[in-house]
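Read-outs: derived from the displayed coordinates by stated rules, not from any lab. Only a predicted model underlies this, so the values are computations on that prediction, with no experimental measurement involved. So basically every Cβ, Gly included, is an ideal-geometry build from the backbone, and we count neighbours across all protein chains shown.
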Amino acid sequence: MATTAFTGGESVSHAPRPRLDDGFGVAGRIAFGAALVGGLLYAAYGVISDTSTVGESLAGGTLVFLGLALLLALGFEFVNGFHDTANAVATVIYTRSMSAPVAVVWAGVWNFLGVMFASGAVAYSIIALLPVDLLLNVGSGAGFAMIFALLIAAIGWNLATWYVGLPNSSSHALIGSILGVGLANQLIVGGLAGTAGVDWSQARKVFTGLLLAPVIGFIGAFVLLKLLRAFLPNPELYREPGDEAPPRGIRALLIATCTAVSFAHGSNDGQKGMGLIMLILIGCAPTAYALNRTADGPAAPAFVQAATSAEAVFERRASGLVLPVEQARGVLTEELRARRVNDPRTFAALDAVTESVRNEVSRYGGLQAVPASDTAGLRNDMYLIADTSKYMIAGKGPSVLTEPELVAVSEFQDLLQGGTRYIPGWVKVAVALALGLGTMVGWKRIVVTVGEKIGKTHMTYGMGASAELMAASTILLAERFGLPVSTTHILSSGVAGASVANGAGLQRRTITNMALAWVTTLPATMALSGGLYWLFLRFVG
């Protein structure tokens, strides 16, 4: 029997709440603990195996830093799991399509699979927001201060909003933390006019995805439910659920949409943790992780040939200017900060650094054989060339390069990124476990908000399916283009759009609180991470 409650002067009708307090039992808790411990041990084994393979030994202090940083990064994904994925299971729980324990385990499994099949593009689009100085010197004290500051800020804000039951975005929290570190670094290095801060061109790309995705979720779910009503007028789809499970076909539809959202969430959000872990590994164990020494790394002959072709382009565009390689590295660092990538000085610097990289790879016969002493320097050279080339290729307005020259530079850039931007298999597994296991705990607060406190009436089958189908489609499309988006924002906006399309109003208090959380997340995490970064720099000098 439906009940009517009055919250803040609003009349809200809800069917009886589904059972949310059922536990997993002793066997379930044992399996959860075993998976958690197994994941941590597997991550430790991955680090030991990779470093021993290349003969890299880690000092005691470095091991402590590495362990703490990895725990924080995996902790971020664990919190992300129970914070964001609760949005995906709210619809199947409140439509009685699945019981709460089954739903969260099901979502956790599909989150795991989403991470395992992720492309890695989102991981490095997040990293690209960070200042060039810190990316090139991630193993320095400032690099460690950056990693700890942004992770602690993001986790702290996620936990705070979870505690009060607000569907806040983990993506916003992480991006705000990164921006805060970048701005703090800019102020510390060169004041407001400094160039060691955030890559704002990349930030605009990220903001575009974050801002458009909720709008797409709201409008898309609204339109989709209207279309469902027009072409599938089955009244069963649009009634409030009772205590019984929905009809078989409707139940299959809702489980399918929940599965799609969970998989999409894993494929997008899991990559954020991967990118951060790779930064940590490069900083602590550069010999093992700065270069892609796996079988997937670029082959030496193809790399040398592509480097030779790109080098010829850079030499032609340098207008006879020649720079020594040490000066060229400094030029590229400054030009990359300022995004000046099409003048003869930049091309001369690219020519010199590309020649150096080509000679090293040719001398050692591939990235796999580069010695420890040359690994960090070669990785930084490859990073400088790849990112300068990226801005050159993607620059707005007419390019100074001809079409064949653009092809040559693009092919070389792809090989450079393949040699420096990769995700080891154990990192994917560790992140997948953290996100999947996080899904299975702490979900109730957010589920209640999404299921009961957005619309003024109980969620119908059609509303749940429309919101989730739109969310899954939007997230998967964003992953295809390497854009980080918020599962929370998209799905909760979709629920709001479906509620309006169904003729139900929205609960003003909840919508106001959610909007407040969305608006304050970026400035709050920026201030928190920037302050922590400054504080940590006091300790590391």
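Sorted on the mean count of surrounding Cβ atoms within 10 Å across their residues, most packed first, peptides 319-326, 343-350 read 343-350, 319-326. Under the shape rule built on the C-alpha gyration tensor, where the axes satisfy a ≥ b ≥ c, the stretch 18-128 is prolate, since a/c reaches at least 1.5 and a/b is greater than b/c. Straight-line cross-link partners of LYS226 among the aspartates and glutamates, defined as a Cα under 18 Å from its Cα and at least 8 positions apart when in the same chain: GLU236, GLU240, GLU468. Along the stretch 149-159 the Karplus relation, 6.51 cos²θ - 1.76 cosθ + 1.60 evaluated at θ = phi - 60°, assigns HN-Hα couplings of 5, 6, 5, 5, 5, 5, 5, x, 5, 4, 5 Hz to successive residues, with x for each Gly and Pro. For the stretch 300-420, the relative contact order works out to 34 percent when only alpha carbon pairs closer than 8 Å and six or more residues apart are counted.
Is the shape of the stretch 65-116 best called rounded, prolate or oblate, per the rule: a/c under 1.5 gives rounded, else a/b larger than b/c gives prolate, else oblate, with a ≥ b ≥ c the square roots of the Cα gyration tensor eigenvalues? Spell out each step's value before the answer.
Working: a/c = 3.62, a/b = 2.59, b/c = 1.39.
Prolate, because a/c is 1.5 or more and a/b exceeds b/c.
Hey, can you rank 46-54, 408-416 by average C-beta count inside 10 Å, highest first?
408-416, 46-54
The order of the peptides 282-289, 63-70, 146-153 by mean Cβ neighbours within 10 Å, most packed first, is 146-153, 282-289, 63-70.
Note on the stretch 300-420: Rg/Rh from C-alpha atoms, Kirkwood Rh, equals 0.94.
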